[in-house]
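Below: the structure, in structure tokens.
The values are calculated or read from the model by the stated rules, or taken from the named source; none is laboratory data. Just so it is clear, the structure is predicted and the values come from calculations on it, not from any experiment. A quick note on method: Cβ atoms are made from the backbone with ideal geometry, for glycine too, and the neighbour counts reach across all protein chains shown. Heads up: the accessible areas ignore ligands, DNA and RNA and are worked out on the full protein's heavy atoms, side chains in. Shrake-Rupley method; radii C 1.70, N 1.55, O 1.52, S 1.80 Å.
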Amino acid sequence: MARSARELYDEAMRLDPKERATLMRPLIDTLDAEAEEGTEDAWRAEIERRIADLDSGAVETVPWEELRARLYQR
């Protein structure tokens with residue numbers, strides 16, 4: 001007899017955090033497997049571009065408090 005999702009969850013919650021992370025990664029990967037081909041590469045390229053912009057000084061970060069104030073002004 002198959003166990004319910006709730007039973008599996010309860011059992012997983014008895015694992016230590018490292019073991020839960022080990023279990024979680026392959027489960028999430030099965031959901032991400034349906035992503036459109038090339039999506040992962042596109043995200044990786046975008047992240048690398050943004051890091052390069054930060055490292056070169058082409059862009060600057062904005063403190064959260066300042067950004068939040070700007071958003072509330074709108």
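Listing for the model above:
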read-out	value
Hey, residue 27 open to solvent by less than 90 Å² (accessible area, probe 1.4 Å), of a type in the set (A, V, I, L, M), at negative phi and assigned to a helix (DSSP H, G or I) or not	no
Residue tally, condition open to solvent by 100 Å² or more (accessible area, probe 1.4 Å) and modelled with pLDDT of 90 or more, over segment 1-11	2
Criterion (surrounded by 10 or more Cβ atoms within 10 Å (Cβ to Cβ) and not small (Gly, Ala, Ser)) met by exactly one of 44, 14	44
Any pair with Cβ under 7 angstrom, 6 or more apart, that starts in segment 53-68 at a residue that is without any contact (Cβ under 8 Å) to a residue 60 or more places away in the chain and ends at one that is surrounded by 10 or more Cβ atoms within 10 Å (Cβ to Cβ) and not in a helix (DSSP H, G or I)	53/59
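For every residue, the table says whether it meets (1) open to solvent by 100 Å² or more (accessible area, probe 1.4 Å); (2) of a type in the set (Phe, Trp, Tyr); (3) not in a helix (DSSP H, G or I).
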residue	(1), (2), (3)
19	no, no, no
22	no, no, no
31	yes, no, no
36	yes, no, yes
53	no, no, no
58	no, no, yes
61	yes, no, yes
68	no, no, no
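Rundown of residues vs (1) at pLDDT 95 or above; (2) touching a Leu at 6+ places or on another chain (Cβ under 8 Å); (3) not aliphatic (A, V, I, L, M), yes/no style:
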site	(1), (2), (3)
21	no, no, no
26	no, no, yes
39	no, no, yes
45	yes, no, no
